[in-house]
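*Asks:* Quick one: structure below, then a few questions.
The values are calculated or read from the model by the stated rules, or taken from the named source; none is laboratory data. These numbers were taken from a predicted model, which means no experiment stands behind them. So basically every Cβ, Gly included, is an ideal-geometry build from the backbone, and we count neighbours across all protein chains shown. Ligands, DNA and RNA are stripped out before the accessible areas are found, and what is left, the full protein with its side chains, is counted by its heavy atoms. Shrake-Rupley method; radii C 1.70, N 1.55, O 1.52, S 1.80 Å.
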Amino acid sequence: MASRSVMVALLLAAVTASCASAQLQEKFYSATCPSVEDVVRKEMVRALSLAPSLAAPLLRMHFHDCFVRGCDGSVLLDSANKTAEKDAKPNVTLRGFDFVERVKAAVEKACPDTVSCADVLALIARDAVWLSKGPFWEVPLGRRDGSVSMSNDTKALPPPTANITQLTQLFAAVNLDIKDLVVLSAAHTIGTSHCFSFSDRLYNFTGMDNASDIDPTLEPFYMAKLKSKCASLDDNTTLVEMDPGSFKTFDLDYFKLVSKRRGLFHSDGALLTNAFTRAYILRHATGAFKDEFFADFGVSMVKMGNANVLTGTQGEIRKKCSVVNH
């Protein structure tokens, strides 16, 4: 009987989540704020023309929002006692919060009390990719903002140290499958990373903490190059390009790197340990199917953007993204 009750509860939860995502619409603001995408894009064009490296952090912020409590803008909330999502270890290197507030202020000026921070962030992420020469996709809108943000919840974020089993489980938790995993991992084609996110592969792979304790799956010449940039496990400041040579351009080079065992993170290399993800990587490492990958990326971003969203009368429309309304 208990088992049946659990199954009913799970079914109801699935139906609720499905209904919420179904309420998102590409033209949600057509009557209430028809200029919202133009307002966001104007700010994005201005910012990325001055600092193109901001695209990757803004895309990453949307990922980190959606994997924790769903796409509800909770990653943007401040906490007086430093216990919000943005204060957790996986998020301390996030940047662009002030810029998101600037975009939100511009949207508020055009359409007061209408567009959620969660929707603003989803549009920012799409434009970050498109303005980096990546794909364009229509973003379903209508999300509402959450009021809860807890650092402990960030355990739902896929860490750079994850193996393929951990990755598939964490992605499944937000209704993303194995294809979404490999497609969205290619977001690493833009941006940089701090050494501490991968330096254990260079100096402490099995816990021995010495220069010979290396990850044998990492291509030797690439490892040597990384060691020349990241001198030790104690390096907490150096930034390394995730896609060397084109880290500001959204392209297919990520697949070429991973296929040659030059993926920066454990999680990148882990994609070669699964038959499906490996085949997808090798296919797109050829560079011959750009349109196919771009289409796949847009589809997976829409799926991720539907994760556990608040809609209708749920949540609120924050005036400022860093604080709940009073």
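*Asks:* For K303, tell me the accessible area in Å² from a 1.4 Å probe, rounded to the nearest 10.
*Replies:* Ignoring ligands and nucleic acids, K303 comes out at about 70 Å².
*Asks:* Lys/Arg Cβ at +1, Asp/Glu Cβ at -1, dipole of region 111-156 taken about the Cα centre: which of S151, S116, S132 is farthest positive-ward?
*Replies:* S132
*Asks:* Sticking with this structure for a sec: Using the Karplus curve 6.51 cos²θ - 1.76 cosθ + 1.60 with θ = phi - 60°, work out ³J(HN,Hα) for each residue of region 260-275 in order, rounded to whole Hz, and write x for Gly and Pro.
*Replies:* 9, 6, 10, x, 5, 9, 3, 4, 5, x, 4, 5, 7, 9, 10, 4
*Asks:* Check T249: other-chain or 5+ apart residues with amide H under 5 Å from its amide H, H built from backbone geometry?
*Replies:* none
*Asks:* Got a number for carbon plus sulfur as a percent of region 45-122's accessible area, 1.4 Å probe? Walk me through the numbers before you get to the answer.
*Replies:* Working: 1630 of 2980 Å².
Here carbon and sulfur together make up 55 percent of the probe-accessible area.
*Asks:* Beyond 28 Å between alpha-carbons counts as too far, so tell me which of K86/K109; K290/K320; K133/K320; K133/K260 fall in that bin.
*Replies:* Numbers: K86/K109 26 Å; K290/K320 38 Å; K133/K320 30 Å; K133/K260 24 Å.
The pairs that break the limit, which is 28 Å between Cα atoms, are K290/K320; K133/K320.
*Asks:* What is the magnitude of the charge dipole of region 43-101 about its Cα centre, with +1 placed on the Cβ of each Lys and Arg, -1 on the Cβ of each Asp and Glu, and no other charges, expressed in debye to the nearest 20? Let's see the in-between values first.
*Replies:* Values: 7 positive and 8 negative charges, 46 e Å.
The dipole of region 43-101 has a size of about 220 debye.
*Asks:* Name the residue, out of A156, A80, A118, whose mean-square fluctuation peaks in a Gaussian network model built on the chain with Cα pairs under 10 Å.
*Replies:* For the chain, modelled as a Gaussian network with Cα springs under 10 Å, the answer is A80.
*Asks:* Same structure again: Normalise the Cα radius of gyration of region 113-250 by 2.2 N^0.38 Å (N = residues in it) and let me know the number. The partial results should precede the final answer.
*Replies:* On the way: Rg = 18.0 Å, N = 138, 2.2 N^0.38 = 14.3 Å.
Its radius of gyration relative to the 2.2 N^0.38 Å reference: 1.26.
*Asks:* Is region 69-138 best put as rounded, prolate or oblate by its Cα gyration tensor, with a ≥ b ≥ c the root eigenvalues, rounded for a/c under 1.5, and otherwise prolate when a/b is larger than b/c, oblate when not?
*Replies:* Working: a/c = 2.05, a/b = 1.30, b/c = 1.59.
Oblate, because a/c is 1.5 or more while a/b does not exceed b/c.
*Asks:* Sticking with this one: Roughly how big is the chain's charge dipole about its Cα centre, with Cβ charges of +1 (Lys, Arg) and -1 (Asp, Glu), in debye to the nearest 20?
*Replies:* Numbers: 36 positive and 36 negative charges, 36 e Å.
Its charge dipole is roughly 180 debye.
*Asks:* Which whole-number percent is the relative contact order of the chain (Cα, under 8 Å, 6+ apart)? Could you put the intermediate results ahead of the total?
*Replies:* Values: 534 pairs, mean separation 85.5, N = 326.
Dividing the mean separation by the residue count of the chain yields 26 percent.
*Asks:* Amide H to amide H, which residues 5 or more places from L310 or on other chains are under 5 Å from it, using H placed in the peptide plane?
*Replies:* So L310 has HN proximity to R144.
*Asks:* Kindly write out, for region 165-182 in residue order, the coupling ³J(HN,Hα) from the Karplus curve 6.51 cos²θ - 1.76 cosθ + 1.60 (θ = phi - 60°), rounded to whole Hz, with x marking Gly and Pro.
*Replies:* With the stated coefficients, region 165-182 comes to 5, 4, 4, 5, 5, 5, 5, 4, 5, 10, 6, 10, 9, 5, 5, 4, 4, 6 Hz.
*Asks:* While we're looking at this one, here's another question. May I ask you to give the solvent-accessible area per residue for the chain, in square angstrom, as obtained with a 1.4 angstrom probe?
*Replies:* On the way: 15180 Å² over 326 residues.
Accessible area per residue, the chain: 47 Å².
*Asks:* Using only the Cα atoms of region 178-326, build the gyration tensor, take square roots of its eigenvalues as a ≥ b ≥ c, and label the shape rounded, prolate or oblate: rounded if a/c is under 1.5, else prolate if a/b is larger than b/c, else oblate.
*Replies:* On the way: a/c = 2.24, a/b = 1.38, b/c = 1.63.
Oblate.
*Asks:* Here is a follow-up. Lys/Arg Cβ at +1, Asp/Glu Cβ at -1, dipole of the chain taken about the Cα centre: which of L310, T286, T273 is farthest positive-ward?
*Replies:* It is T286, whose Cα lies furthest towards the positive end.
*Asks:* Okay, moving on. When the chain is treated as a GNM, springs tying every alpha-carbon pair under 10 Å, which of T313, T249, T286 comes out with the largest mean-square fluctuation?
*Replies:* T313
*Asks:* Taking R0 as 30 Å, what's the FRET efficiency between S53 and Y222 from their Cβ-Cβ distance, rounded to 0.05? Don't skip to the answer; put the middle values down first.
*Replies:* Working: r = 22 Å, r/R0 = 0.72.
After rounding to 0.05, the efficiency reads 0.85.
*Asks:* Work out from phi, with θ = phi - 60° and the Karplus expression 6.51 cos²θ - 1.76 cosθ + 1.60, the ³J(HN,Hα) of each residue of region 70-80, listed in order in whole Hz, and give x for Gly and Pro.
*Replies:* Values per residue, Gly and Pro as x: x, 7, 10, x, 5, 5, 8, 6, 8, 9, 4 Hz.
*Asks:* To the nearest 20 debye, what charge dipole does region 206-309 have about its Cα centre, counting +1 at the Cβ of each Lys and Arg and -1 at the Cβ of each Asp and Glu? Show your work: numbers first, answer last.
*Replies:* On the way: 12 positive and 14 negative charges, 61 e Å.
That gives a dipole near 300 debye.
*Asks:* Here's a follow-up. Which residues' amide hydrogens lie under 5 Å from the amide hydrogen of T192, considering only partners 5 or more residues apart or on another chain, with H built in the peptide plane?
*Replies:* M242
*Asks:* Next question, about the same structure. Sum -39500 (n - 2.57) across every DSSP H segment of at least 4 residues in the chain, then divide by the residue count to get the 222 nm mean residue ellipticity, nearest 500.
*Replies:* Numbers: 13 runs with 147 residues, N = 326.
Calculated from helices alone, the mean residue ellipticity at 222 nm is -14000 deg cm²/dmol.
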